[in-house]
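Here is the structure we will look at, set down as structure tokens.
The values are calculated or read from the model by the stated rules, or taken from the named source; none is laboratory data. The structure displayed is predicted, hence computed values, not measured ones. Because the Cβ atoms are built from the backbone with ideal geometry, glycine has one as well, and the counts that use them run over all protein chains shown. Quick note on the areas: whole protein, heavy atoms, side chains included, nothing else; ligands and nucleic acids left out. Shrake-Rupley method; radii C 1.70, N 1.55, O 1.52, S 1.80 Å.
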Amino acid sequence: MHTIHPADESTPSTTQLASKDALPTIRLAAILGLLATAAVLGVVAATAGLGVAGWIVGLATGSAATALLAAARMRSDEPAIHPADWVTLARSVLIAGVAGLVADSFSRPLSVTALVTISAVALALDAVDGQAARRTGTATPLGGRLDGEVDAFLILLLSIAVSEKYGSWVLAIGAARYVFLLAGFLMPWLAAPLPPRYWRKVVAAVQGIVLTVAASGVPARPVGMIAVAVALLLLIESFGRDVIWLYRAGAGSRTRTVLRVGITVLAVVLVWFDLIAPNRAWQFTPAAVVRIPVEALVLVAVALLLPPRPRKIVAAVAGVLFGVMTVAKILDILFFEEIDRAFNPVLDWVSIGPALGVVQDAIGTVLANIVLGLLALGLLLLIVIIAASAIRITTVAARHRRGAVRALAGLAAIWGLCAGLSLQLVAGSPVASTSATGLAVAQVQATRAGLSDPRVFVQSTGSRDPQAAVPASGVLTGLRGKDVIIAFVESYGQVAVQGSSMSPGVDTVLRQGTASLARAGWSAQSAWLTSPTFGGISWLAHSTLESGLWINTNQRYNELLSSSRYTLSDAFKKAGWHTVADDPSDTGAWPPGKTFYHYDQLFNRKNVGYQGPSFAYAAMPDQYVLSAFQRNELAPGHKPVMAEIDLVSSHTPWAPLPRLVAWNKVGNGSVFDPQPAESQYAATVWRNPNTVRKFYAQSIKYTLRALTQWVTESHDPNLVLIMLGDHQPHTAVSGIGPTHEVPISIVSRDPSVFKQIASWHWQDGLLPGPSAPLKPMDAFRNQLLGAFSTTSSQTASARGPGSTSATAVSGAPGR
């Protein structure tokens, strides 16, 4: 009797029967997938706009994903659409929408809101399909593979979107999966199945979350770049662990040899680059890395002389030190980008708290803590990798002693020759490099200076201050009866008005403002001040101007607040003025305003009646700030007011921007409701450096127009406006190696005001020229008190022992 086996073609197998039963469901899934793709793209087109390229790529992506899912299920041992597959199909359809938006971004501005919304939903569904598979008992290797490929494609799309703002290096995240697949074709052992590993899933989730947050444009660019770089490091670690497992499980002897050589070469490249990498972003050029680090030569030489155990200890210690120096370089890069100076290992740790606070305000506390944790983990991982590389190099050198000696001798000879000839392929980067040693020495010197600075500064705050000893009857007599307003214009620096592509437009606004003021009977004179800060940390400039001390670090700022230093607000209050601080960026109580500055009134975003929209960092437009101040403090019959007003519409990221409205229409601020949507948002602006500078200039022009219009609209003949910048803008605008100079102007209707400052030799108008006087910002307190007080004329021209000069304390520049 002929026995019919299950595989016999004359009788349908169980699998074939199941396949036929599942066919209608699979076809239904394919049809629904195509229809859903078209629906998603239609919604995207209606809400965010979608061009022809977006439609083509989106439809192609959705169709391909649906077809692949159907084909994979048809050919599998379990030809059925499981609940988790429906979730995966939904994610594929959403990702088709992301693909359309990214494809469209090459010819039109990317709709960040749509991209982030769709990506966030797709990422959230990633947790749903796994739960669905486990709870229904339908988890299969094929389902896991399909889920992973959908994740990989979404990460590729997000990396493309983020790379447009952060640089092409971000594409490494999206390309990693596909490079690994290609390597599997070339080396079959890399295509072997991998065991399940939870950490692999965590790292994949981190990539999607970090890239989505970065694409949103919410975090500041340096914060976003650090988060993405940390995500890339985690991805490298995860893929590296998989490669090592596969290597040990299935690589042949020849492949093992190739990998060992590759790992050694990678270790050499990593340590080599680590030692010669500059600590400023703009110094990263191909010529700058063609150098020979003497530290690497010394490490190998020492390793050749030591027995195995001491050699490993020395290599590990050296590797850790190299890694720590890398962290120092990263911090230097960030500090130079943001505030144009190197990181101080003693004084600048207190800056971490305020910086974290800014990030928390921007992206939320939970996400900020996640980013901070990933950053710490990434930096620790980097140190471990560099230390392991140092150990690898010394081990291989000791194992191949003869070749290592020859290579070391040759490189040492080349290094000595280049050092003797002072050979440089690019200025400031000698081929014979000692930059790592130089950085270590600089860090030690900065540490010593940082440790001694508190003692020096405390002596300054506690020493005798002649200005504080002037009796009330003699303080600021030349300004009695005047409303004196010190208005800080955020990021209003020299680059705005002199020597840049932006300056002609800003200069025109200043000349127009000077003319309009003159027509209304007002005069203005201007000069330059050197700010103690750059790119941010505005309170250092505010406290420097008020206290007459050079406050260039947060540590000094904190020490100042714990002192009893005599400030400008103290002087005005002593002489009978009603003193006010108005900062629309403050969210609530500001204790130093009462305990240190002793202001009578504090205004912030919560107590000025604003009911309009926010504009990026600015909780309200500068025009509203000035209008509300006028209403609250300058009503008819008011007591003379001295106020510091901080105007922040020109605060980074300079988008979206407000527009001026009629002053009698300002009201409660709701008139500004439509304006944010009428301006570009930061995520779009920051994709192009030229656009960033353009919007910065627009923000400065807006605030300058608001100020000059407010002066003429206020009808306050007793107003004296002191208008100045707090610091130069971020390096994205100021460029490389800028000065720290900011404009300062005084506006008044009273000729006697300018007569009393005639000895300052300031220039007429709101626009200071290149030859206008320049002083460090800490000199202004004594300059102002000396000019307008009747009993301190001698102390005004020379600093007393309690007014430590910028030059004496920190070497601030002067003209």
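Screening 442, 446 for residues that are touching a residue at least 60 places away in the same chain (Cβ under 8 Å), open to solvent by 40 Å² or more (accessible area, probe 1.4 Å) and not in a loop (DSSP other than H, G, I, E, B) leaves exactly one candidate, 442. When the residues of region 411-424 are filtered to those that are of a type outside the set (A, V, I, L, M) and under 18 Å from residue 276 (Cβ atoms), the one that is surrounded by the fewest Cβ atoms within 10 Å (Cβ to Cβ) is 422.
Taking the options 683, 706, 697, name whichever one is modelled with pLDDT of 90 or more, of a type in the set (A, V, I, L, M) and under 24 Å from the mean Cα position of the chain (by Cα). Even if it seems obvious, please write down each step before you answer.
Details: 683 fails: modelled with pLDDT of 90 or more; 706 fails: under 24 Å from the mean Cα position of the chain (by Cα).
Among 683, 706, 697, only 697 is modelled with pLDDT of 90 or more, of a type in the set (A, V, I, L, M) and under 24 Å from the mean Cα position of the chain (by Cα).
Scanning region 102-128 for residues being of a type outside the set (Ser, Thr, Tyr) and either open to solvent by 70 Å² or more (accessible area, probe 1.4 Å) or more than 25 Å from the chain's Cα centre (by Cα) (or both) gives a total of 12. Selection of region 672-687 for residues being surrounded by 17 or more Cβ atoms within 10 Å (Cβ to Cβ) and either part of a helix (DSSP H, G or I) or in contact with a His (Cβ under 7 Å, 6 or more places away or on another chain) (or both) yields 672, 675, 676, 682, 683, 684, 685. Listed here are the helices (runs of 4 or more DSSP H) enclosed by region 165-272 that have at least 2 residues being open to solvent by 50 Å² or more (accessible area, probe 1.4 Å), touching a residue at least 40 places away in the same chain (Cβ under 8 Å) and aliphatic (A, V, I, L, M): 221-250. The residue list 712, 708 contains one member that is surrounded by 22 or more Cβ atoms within 10 Å (Cβ to Cβ) and either part of a loop (DSSP other than H, G, I, E, B) or of a type in the set (Ser, Thr, Tyr) (or both), which is 708. For region 610-641, a residue qualifies if it is open to solvent by 40 Å² or more (accessible area, probe 1.4 Å) and at pLDDT below 90, and the qualifying residues are 614, 616, 617, 635, 636, 637. What do you reckon, is residue 734 modelled with pLDDT of 95 or more, crowded, with 21+ Cβ neighbours inside 10 Å, small (Gly, Ala, Ser) and within 17 Å of residue 492 (Cα to Cα)? For residue 734, the condition - modelled with pLDDT of 95 or more, crowded, with 21+ Cβ neighbours inside 10 Å, small (Gly, Ala, Ser) and within 17 Å of residue 492 (Cα to Cα) - is not met. Residues in region 543-592 that are assigned to a helix (DSSP H, G or I), of a type in the set (D, E, K, R) and more than 30 Å from residue 610 (Cβ to Cβ): 556, 559, 574. In this structure, residue 567 does satisfy being open to solvent by less than 20 Å² (accessible area, probe 1.4 Å), out of contact with any Cys (no Cβ under 7 Å at 6 or more places or on another chain) and among the β-branched types (Val, Ile, Thr). Residues of region 685-717 that are more than 30 Å from residue 638 (Cα to Cα) and touching a Gly at 6+ places or on another chain (Cβ under 8 Å): 686, 697, 701.
Would you confirm whether or not region 248-268 contains a residue that is among the charged types (D, E, K, R), at pLDDT 80 or above and over 29 Å from residue 322 (Cα atoms)? Talk me through it step by step, then tell me what you get.
So in region 248-268, the residues among the charged types (D, E, K, R) come out as 248, 254, 256, 260.
If we keep only those that are at pLDDT 80 or above as well, we get none.
No: zero hits.
Do the conditions hold for residue 605, that is, is it basic (Lys, Arg), more than 24 Å from residue 779 (Cα to Cα), open to solvent by 40 Å² or more (accessible area, probe 1.4 Å) and under 32 Å from the mean Cα position of the chain (by Cα)?
On the way: basic (Lys, Arg): yes; more than 24 Å from residue 779 (Cα to Cα): yes; open to solvent by 40 Å² or more (accessible area, probe 1.4 Å): yes; under 32 Å from the mean Cα position of the chain (by Cα): yes.
So residue 605 fits the description; yes.
Evaluation of residue 342 against the conditions (1) of a type outside the set (D, E, K, R); (2) over 30 Å from residue 538 (Cβ atoms); (3) at pLDDT below 85 shows that the sole unmet condition is (2).
Just checking, does region 129-147 include any residue being in a helix (DSSP H, G or I), at pLDDT 75 or above and open to solvent by less than 70 Å² (accessible area, probe 1.4 Å)? Checked against the condition, which is being in a helix (DSSP H, G or I), at pLDDT 75 or above and open to solvent by less than 70 Å² (accessible area, probe 1.4 Å), region 129-147 yields no hits at all. Residue 495 fulfils the conditions (1) under 29 Å from residue 633 (Cα atoms); (2) touching a helix residue (DSSP H, G or I) at 6+ places or on another chain (Cβ under 7 Å) except for a single criterion, (1).
Determine whether residue 625 is in a helix (DSSP H, G or I), within 30 Å of residue 116 (Cβ to Cβ), touching a residue at least 12 places away in the same chain (Cβ under 8 Å) and β-branched (Val, Ile, Thr). No, not satisfied.
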